[in-house]
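To start, the structure under review is shown below, and the notes come after it.
What follows is calculated from the coordinates using simple rules that are stated; it is not laboratory data. This one's a predicted model, so the numbers in the text were calculated from it and none came from an experiment. Because the Cβ atoms are built from the backbone with ideal geometry, glycine has one as well, and the counts that use them run over all protein chains shown.
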Amino acid sequence: MPFSPKRIAVFGASGAIGSAFVHECLDRYDTADMFCFARSPERIPVHERVESHAFLLEDTEGFNASADAIKAAGGLDLIFVATGQLHSDTSKPEKTIRSLTAAGMEETFHTNTILPSLIMKHFLPLLPKHKKAVFAAISARVGSISDNYLGGWYSYRASKAALNMLIRCAAIEMQRTHQSSVIIGMHPGTVDSSLSKPFQRGMPEGQLMQPEKSAAMLLDVISEVDQSQTGKCLAYDGTEIAP
Ligand SMILES: NC(=O)c1ccc[n+]([C@@H]2O[C@H](COP(=O)([O-])OP(=O)(O)OC[C@H]3O[C@@H](n4cnc5c(N)ncnc54)[C@H](OP(=O)(O)O)[C@@H]3O)[C@@H](O)[C@H]2O)c1
């Protein structure tokens, strides 16, 4: 039976891929209700089936309250995490180990590793126990240790590798109680967004994907994914990325 989620949560719904994913879900699942989270909620797509929530990493009580309310109203069958950071006003991806700073590493790990882990903690229990449900968090191909031939981007690579490990741990634990749930990391391709903007120069023609295309392909993969793939990191074309 095709996967047809009825209650979908999207974290980072203000971002390029996150907001494109919201639109794709609204188009594809015409009765689904969406619960969209962003630290800048005014940038969440507006729609009658979208409920907007503000969230902050530091606000665990806010997480609790939102999770409780959504649980009481019927839980979730798809959770998509599209938050992430490669650079900010205060940190840049390191070309050399000489550029590493504790503050830069902490900021990157907070957004790319700790935030998705807390989302897993509070929201995985909202998935149903006996029918297909999916938790997918956007990771990145550069988080693969075996695929790292270029080096650099120390904090970003390490934060995504750690995220992949946390996803694997959660997948193993969820298998004990939620045999039909699938927990995966995903690589979205190289996508045109504020995150990739400073690094787009010199890219081969045709390699940069628009967020709408990436979101549609990610949702295709989510629709087809099954239990045998839980704990893995899958690319937008469905191929597995080696840890
Ligand atoms: N673009 C690519 O080529 C590419 C490639 C591989 C992986 N990825 C991954 O794809 C995901 C989405 O990236 P994108 O390209 O769509 O970038 P984006 O447009 O910059 O979106 C990033 C999202 O993360 C949110 N965010 C960042 N820091 C946050 C924090 N501390 N607390 C809460 N929310 C925070 C942003 O919120 P605000 O709107 O409030 O800033 C925004 O919603 C990221 O995990 C990224 O690592 C992207």
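How large is the dipole of the chain about the Cα centre if only Lys and Arg carry +1 and Asp and Glu carry -1, each at its Cβ, rounded to the nearest 20 debye?
Charge dipole of the chain: 520 debye, to the nearest 20.
In a shell of Cβ-Cβ distance under 12 Å around ILE114, excluding ILE114 itself, what net charge do Lys and Arg (+1) and Asp and Glu (-1) give?
My count for the surroundings of ILE114 gives -2.
Can you compute the modelled spin-label distance between ALA242 and ASN64, with each label point 7 Å from Cα toward Cβ, in nm?
With each label placed 7 Å out from Cα toward Cβ, I get 4.4 nm.
In a Debye calculation with equal point scatterers on the alpha-carbon sites of segment 140-225 and no solvent, what is log10 I(q)/I(0) at q = 0.13, 0.18 Å⁻¹?
So the normalised log intensities work out to -0.55, -0.97.
At a Förster distance of 51 Å, what's the computed FRET efficiency of GLN175 paired with GLU205, Cβ-Cβ distance as r, to 0.05?
Using R0 = 51 Å, I get an efficiency of 0.75.
Applying a 10 Å radius around every beta-carbon, put 47-58, 213-224 in order of their mean neighbour count, most first.
213-224, 47-58
Compute the separation of the alpha-carbon centres of segment 178-199 and segment 31-50 and state it in Å as a whole number.
19 Å
Do any trypsin sites (Lys or Arg not before Pro) in segment 104-204 lie in a loop, going by DSSP, with at most 15 other beta-carbon atoms within 10 Å of their beta carbon, and if so which?
Qualifying residues, ordered by number: LYS129, LYS131, ARG201.
What ratio of Cα Rg to 2.2 N^0.38 Å holds for the chain? Intermediate values should be presented prior to the final figure.
Details: Rg = 17.0 Å, N = 243, 2.2 N^0.38 = 17.7 Å.
For the chain, the normalised Cα radius of gyration comes out at 0.96.
Which of the helices in the chain, when you take each full DSSP H run, stretch at least 15 Å along the axis at their Cα atoms and have an average Kyte-Doolittle score of 0.0 or higher? Write out the running numbers ahead of the final one.
Numbers: long enough: 16-28 (18 Å, 0.42); 60-72 (18 Å, -0.14); 154-177 (35 Å, -0.04); 211-224 (20 Å, 0.30).
The answer, listed by residue number, is 16-28, 211-224.
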